[in-house]
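To start, the structure itself, in structure tokens.
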Amino acid sequence: MPSFMELALDEARKAQGAGEVPIGCVIVRDGAVIAAAHNRTLTDRDPTAHAEIIAIRAAARMLGSERLTGCDLHVTLEPCAMCAAAISFARIHRLYYAAPDPKGGAVDSGVRFFASPTCHHRPEVYGGIGEAASATLLRDFFATRR
């Protein structure tokens, strides 16, 4: 059985196939995937259509609640400030991310959103899960763009 991060990487590959930045996300509750998504900013012409946002929306619809307590989010790249805020507002229990993002990340890089005094909910954070595979996918994607 593939790991949850491997499932997120599968989502990232779907994004890549659509010409999107290859980032994927799955949300898990009680050991089962309840939502999966990949970046769709170009496809949807929506700057907020990051994998995490789409997955959070789907999980909230599925659970019938804006609070995703007891849920874990697995994403292939360190979340940006927008996604970190959404993770906090959704009350995600644990965040697992693969590759760090020194330029745009907001968890362990940049603004460090969860460390801010204005952050009301802080998930447990685990970085570097599947980092090599995610970093390679991103590096290869951007190499073809340059």
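The values are calculated or read from the model by the stated rules, or taken from the named source; none is laboratory data. This one's a predicted model, so the numbers in the text were calculated from it and none came from an experiment. Positions of Cβ are backbone-derived with ideal geometry, glycine not excepted, and every protein chain shown enters the neighbour counts. The accessibility values were calculated without ligands, DNA or RNA, using every heavy atom of the protein model including side chains. Shrake-Rupley method; radii C 1.70, N 1.55, O 1.52, S 1.80 Å.
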*Selection within region 60-115 - of a type in the set (Phe, Trp, Tyr) and in contact (Cβ under 8 Å) with a residue 40 or more places away in the chain*: 96
*If you go through region 15-27 one residue at a time, how many are over 12 Å from the mean Cα position of the chain (by Cα) and buried (at least 18 other Cβ atoms within 10 Å of the Cβ)?*
4
*So which residues in region 117-146 are open to solvent by 30 Å² or more (accessible area, probe 1.4 Å) and assigned to a loop (DSSP other than H, G, I, E, B), if there are any at all?*
117, 118, 120, 121, 122, 128, 129, 130, 146
*asked:* Can you find a residue that is in a helix (DSSP H, G or I), under 15 Å from the mean Cα position of the chain (by Cα) and touching a residue at least 24 places away in the same chain (Cβ under 8 Å) anywhere in region 43-52?
replied: yes
*Given the structure, is residue 133 of a type outside the set (Asp, Glu), more than 10 Å from residue 80 (Cα to Cα) and touching a residue at least 60 places away in the same chain (Cβ under 8 Å)?*
yes
*Filter region 37-65 for residues that are open to solvent by 50 Å² or more (accessible area, probe 1.4 Å) and either of a type in the set (A, V, I, L, M) or touching a strand residue (DSSP E or B) at 6+ places or on another chain (Cβ under 6 Å) (or both) and give the result.*
42, 62, 63
_Residue within region 9-27 that is part of a loop (DSSP other than H, G, I, E, B), without any contact (Cβ under 8 Å) to a residue 12 or more places away in the chain and farther than 19 Å from residue 128 by Cα present_ = no
